[in-house]
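These notes concern the structure reproduced below.
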């Protein structure tokens, strides 16, 4: 269950077989049922999750029970509430499996020990954190400045597998638009092709 993890890590750094054997020893495999939570708001995020199979979603719920999706993570993506994970403060997010999923979990002590044991991993995680920061800044600016159609097209490029696998109301919540607006956009895009 670690082939995809190996592939993703070695896209950024090189590892010997012995180094990867050490790396994978720090991870705990877990299967999630559809709609099962990996993290609930108010709990401390104890794990970073690498998705081997399935799709996870990170979201918040407002005082009117409206959902606001922050991220989707399908095969080969990572998911965690990094603020909670790094500071041990309660999370403001929920993370759930949108379909049956298989993830590899690493807790903070194991994460730190893995980077000490295989120092190249520190470079790998630094690149991941940098990419996360850049993507977050871009997403924030796009949500403030781009029209809904441009945001949907970018979503389709960033998360191509999610377009068919994720319920439309969740995609709409990620884009910050209503379901009706998303339906209208999808119809317009289909007609213009």
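In the set (1) assigned to a helix (DSSP H, G or I); (2) at pLDDT 90 or above, the condition left unmet by residue 177 is number (1). You will find that of 26, 72, 93, the residue that is farther than 24 Å from residue 158 by Cα and in contact with a helix residue (DSSP H, G or I) (Cβ under 9 Å, 6 or more places away or on another chain) is 26 and no other. The number of residues in the range 141-166 that are touching a helix residue (DSSP H, G or I) at 6+ places or on another chain (Cβ under 9 Å) and outside any helix (DSSP H, G or I) comes to 3.
Taking each residue of the range 28-52 that is at positive phi and in contact (Cβ under 8 Å) with a residue 60 or more places away in the chain and looking for partners that are surrounded by 14 or more Cβ atoms within 10 Å (Cβ to Cβ) and in a strand (DSSP E or B) with beta-carbon atoms closer than 9 Å, six or more apart or interchain, yields 35/96; 35/97.
Applying the condition of being within 8 Å of the chain's Cα centre (by Cα) and more than 16 Å from residue 37 (Cβ to Cβ) to the range 74-97 and asking which residue is surrounded by the fewest Cβ atoms within 10 Å (Cβ to Cβ) yields 77.
Across the range 50-73, the number of residues qualifying as at pLDDT 95 or above and either farther than 14 Å from residue 38 by Cα or outside any strand (DSSP E or B) (or both) comes to 4.
Looking only at residues of the range 144-168 that are over 18 Å from the mean Cα position of the chain (by Cα) and surrounded by fewer than 13 Cβ atoms within 10 Å (Cβ to Cβ), we find that the one that is nearest to residue 34 (Cα to Cα) is 150. Filtered by the rule that a residue be crowded, with 23+ Cβ neighbours inside 10 Å and more than 11 Å from the chain's Cα centre (by Cα), the range 48-64 gives no residues.
Within the range 1-22, the set of residues being surrounded by fewer than 22 Cβ atoms within 10 Å (Cβ to Cβ) and in contact (Cβ under 8 Å) with a residue 24 or more places away in the chain comprises 1, 2, 4, 5, 7, 8, 12, 13, 14, 15, 19, 22.
Taking residue 190 and the conditions (1) over 20 Å from the mean Cα position of the chain (by Cα); (2) within 23 Å of residue 45 (Cβ to Cβ), which numbered condition does it fall short on, given that it satisfies the others? Here residue 190 clears every test but (2).
The values are calculated or read from the model by the stated rules, or taken from the named source; none is laboratory data. Note that this is a predicted model, so its numbers are computed, not measured. Heads up, the Cβs are rebuilt from the backbone with ideal geometry, glycines too, and the neighbour counts pull from every protein chain shown.
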